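Some notes on the structure that comes next.
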Amino acid sequence: MKTQWIDELGQRVPLSRQPQDLQTYGRDWTRVYVPRPSAVVFPRHAEEVCEILQFCSQHGIAVVPSGGRTGLSAGAVAAEGELVLSLERLRDLGEVDPFGLTLTTGAGVTNHEVHVHCEHLGLTWPVDLASKGSCQVGGNLATNAGGIRVLRYGHARHWVTGLQVALMDGTLLNLGNAVQKDNVGPDLRQLMIGSEGILGIITRATLRLALLPTDRQVLFLAVDGMEAGLELLRHARIQGRFQLQAFEYMGRNCLEAVIKAQGVPSPFGGSGELPPAAVLIEVEGRLDGELDRWLEQVMAQKLVQDGLVAKSSADINRLWAYRDNITESLGRLGLMHKNDISVEVGRLAEFVHTLEKEVAPTFPGELYLFGHLGDGNLHINVMKPSATDPEEFWDGCHVADMQLYELLHKLGGSVSAEHGIGLLKKSALGFSRGPAEVATMRAVKKALDPEGLLNPGKVFDL
Ligand code: FAD
Ligand code: MLT
Ligand code: ZN
């Protein structure tokens, strides 16, 4: 491979070719592709991002934008000799605007750092996910991240007023600022959000903030399975006179994985058998006994078998840890194939019924189900049996996936509720987006990046 361009670029901006950096920055959280970038660049400000992109356009070099590398669809993977452009040094973090409740931040600031920055003012950016310690604002917006509070606040795209984006030819676009109301033509800012780094590189964002929920009430309830969990959700929505912040589901084997990997006791105490599933519910506000009355009702109706109510903030954190640690714990127990699907909440029972009867037996490993039940979003994880060869496992999962996607297509569901398409889910795209829609996406991509140099091969092939 010709590498003269790397030396030339390295004289202009911070660049690394250290094997360890190539390994680290050439991949995200997925473990399917082998990272093989040519180099990693670390621009220090937006102008340097533009300079790099202009240089790469002139030399025909492919670029992979890289945030906190917690992505689950291989969107930030560089497996074909691309240049990785890390946003981690774009770390300007402004003051909170107390009038408009906004905050301007560099793309490389982590989600958690934003939360900590506004917490003392009783404010938050309500995009909250278990990877918050590492994922970055730029990555959250490039993936239109969901998380555990979508039920209450919606996806990341609802919490942005302004975006700065660098295009592949080196142009820097300022799309909106802190102004809340701004209807001037098509909204390019929203086009960029969720585009997985294939249309432009987010360098800065102005975020909308929400009040930090006070009087958080957290329940951790044992249920008889998915159907019971859904029935509980229906009760909470219709009869519960309270605002749900989160409604999360985890099957027994997910809970077992957390207990084993983290070395923690059963949330329900004792050494008895775990229930078939558990639901974590968070509710906000002063409730004057409303939540207790609701809990009594659902227990009387036997929708809940056992339950815990957090009594302190330490309890809240302890109970949330069972949910937040699922992904990391499953990853420690073995190699996982992941699907991230959604259907209308009202059709989830029908989906799960067919999944368990017809699709699950075709996967070459045990299924681990958890997710954001309140949003109709299930994470379907398949564990590779230790005796199975990884290639054979991926191939088997791919075949089974097609049946899963057919089922989703039939129910009008989505093949990617929150993680995006990246490299990993390209064969799924056509099950949730029609040919005319994909052709329109391609036309947009070609208009902004005619040579296909920005995050090539992600989402679709040109
Ligand atoms: P990366 O992984 O670095 O990149 C993701 C994509 O965005 C890639 O295509 C990359 O090229 C592009 N990109 C990154 N930065 C930029 C930028 N500045 N400009 C343009 N493109 C860019 N996701 C959810 O939605 N909900 C969850 O609840 C959730 N929970 C998770 C829990 C765990 C434990 C883990 C490991 C992951 C979880 N994720 C979840 C997935 C992941 O954290 C999110 O997709 C997150 O938003 C990715 O941010 P990142 O900075 O790590 O991006
Ligand atoms: C979650 O909800 O924890 C995530 O989206 C991560 C996953 O699916 O593993
Ligand atoms: Zn999720």
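The values are calculated or read from the model by the stated rules, or taken from the named source; none is laboratory data. Nothing here was measured: the structure is a model prediction, and the numbers come from that model. With ideal geometry, Cβ positions are generated from the backbone for all residues, glycine too; neighbour counts draw on all protein chains shown. Surface areas here come from the heavy atoms of the whole protein model, side chains and all, with no ligands, DNA or RNA. Shrake-Rupley method; radii C 1.70, N 1.55, O 1.52, S 1.80 Å.
Once you have a ≥ b ≥ c as the square roots of the Cα gyration tensor eigenvalues for the stretch 391-453, tell me rounded if a/c is under 1.5, and otherwise prolate or oblate according to whether a/b is larger than b/c. Note, shape of the stretch 391-453 comes out oblate.
Here the gap between Gln301 and Arg157, fully extended at 0.36 nm per residue and compared with their Cα-Cα distance, gives a gain of 48.0 nm. Residues whose amide H falls under 5 Å from that of Thr30, counting only those 5 or more places apart or on a different chain, are Ala74, with hydrogens built in the peptide plane. Restricting the stretch 20-125 to GluC sites (Glu not before Pro) that sit in a DSSP loop and have at most 12 other Cβ atoms within 10 Å of their own Cβ leaves Glu95.
Binning the alpha carbon pair distances of the stretch 323-370 at 10 angstrom intervals from zero yields the distribution 21, 48, 30, 1, expressed in whole percent.
Taking a Cβ cut-off of under 9 Å around Ser342, the surrounding Lys, Arg, Asp and Glu residues balance to a net charge of -4, with basic ones at +1 and acidic ones at -1. For the stretch 215-226, 3J(HN,Hα) computed residue by residue from phi via the Karplus equation (6.51, -1.76, 1.60; θ = phi - 60°) reads 6, 6, 10, 10, 10, 10, 10, 8, 10, 7, x, 4 Hz, glycine and proline entered as x. Across the stretch 324-336, computed HN-Hα scalar couplings (Karplus, 6.51 cos²θ - 1.76 cosθ + 1.60, θ = phi - 60°) run 5, 8, 4, 4, 5, 5, 4, x, 6, 7, x, 7, 10 Hz from first to last residue, x flagging Gly and Pro. Surface composition of the stretch 166-206: carbon plus sulfur atoms contribute 53% of the solvent-accessible area (1.4 Å probe, protein chains only, all chains present). Couplings 3J(HN,Hα) for the stretch 407-424, derived from phi with the Karplus relation 6.51 cos²θ - 1.76 cosθ + 1.60 (θ = phi - 60°), are 4, 5, 4, 4, 8, x, x, 10, 7, 8, 6, 8, 8, x, 9, x, 8, 6 Hz, where x marks Gly and Pro. Once the convex hull of all Cα atoms in the stretch 223-354 is built, its volume per residue stands at 128 Å³. With the charge dipole of the stretch 207-347 set up from +1 on Lys and Arg Cβ and -1 on Asp and Glu Cβ about the Cα centre, the Cα lying farthest toward the positive end among the listed residues Asn339, Gln217, Ala278 is that of Asn339. Computed over the Cα atoms of the stretch 39-112, the ratio of the radius of gyration to the Kirkwood radius (Rg/Rh) comes to 1.06. How large is the translational diffusion coefficient of the stretch 153-274 in µm² per second when you combine the Kirkwood radius over alpha carbon pairs with Stokes-Einstein at 4 °C and 1.567 mPa s? Here the translational diffusion coefficient equals 69 µm²/s.
Measuring spread by the Cα atoms of the stretch 203-261 yields a radius of gyration and Dmax of 16.1, 46 Å.
Can you tell me the alpha carbon radius of gyration of the chain divided by the globular rule-of-thumb value 2.2 N^0.38 Å?
Here the Cα radius of gyration is 1.00 times the empirical estimate.
Between the DSSP loop rule and a limit of at most 13 other Cβ atoms within 10 Å, which chymotrypsin sites (Phe, Trp or Tyr not before Pro) in the stretch 1-103 are left? In loop regions of the stretch 1-103 (DSSP not H, G, I, E or B), the sparsely surrounded chymotrypsin sites (Phe, Trp or Tyr not before Pro) are Phe99.
For a Förster distance of 25 Å, can you work out the FRET efficiency between the beta-carbons of Asp7 and Leu93, rounded to the nearest 0.05?
Once the sixth-power term is evaluated, E becomes 0.15.
Averaged per residue, the chain has 44 square angstrom of accessible surface, using a 1.4 angstrom probe with ligands and nucleic acids left out. Along the axis of the charge dipole computed for the chain (Cβ charges of +1 for Lys and Arg, -1 for Asp and Glu, origin at the Cα centre), the listed residues Leu330, Ala417, Asn177 are led at the positive end by Asn177. Ordering Leu101, Ala142, His112 by Cα displacement along the dipole of the stretch 74-218 toward the positive end leaves Leu101 in first place; charges were set at the Cβ atoms of Lys, Arg (+1) and Asp, Glu (-1).
Charge tally for Pro385 (other residues, Cβ to Cβ under 15 Å; Lys, Arg +1; Asp, Glu -1): -4. Solvent-accessible area assigned to carbon and sulfur over the stretch 101-160 amounts to 55 percent, based on a 1.4 Å probe.
Charged neighbours of Ala310, selected by a Cβ distance under 10 Å, balance to +1 (K, R count +1; D, E count -1).
Against the main long axis of the alpha-carbon atoms of the chain, helix 435-448 sits at an angle near 40°.
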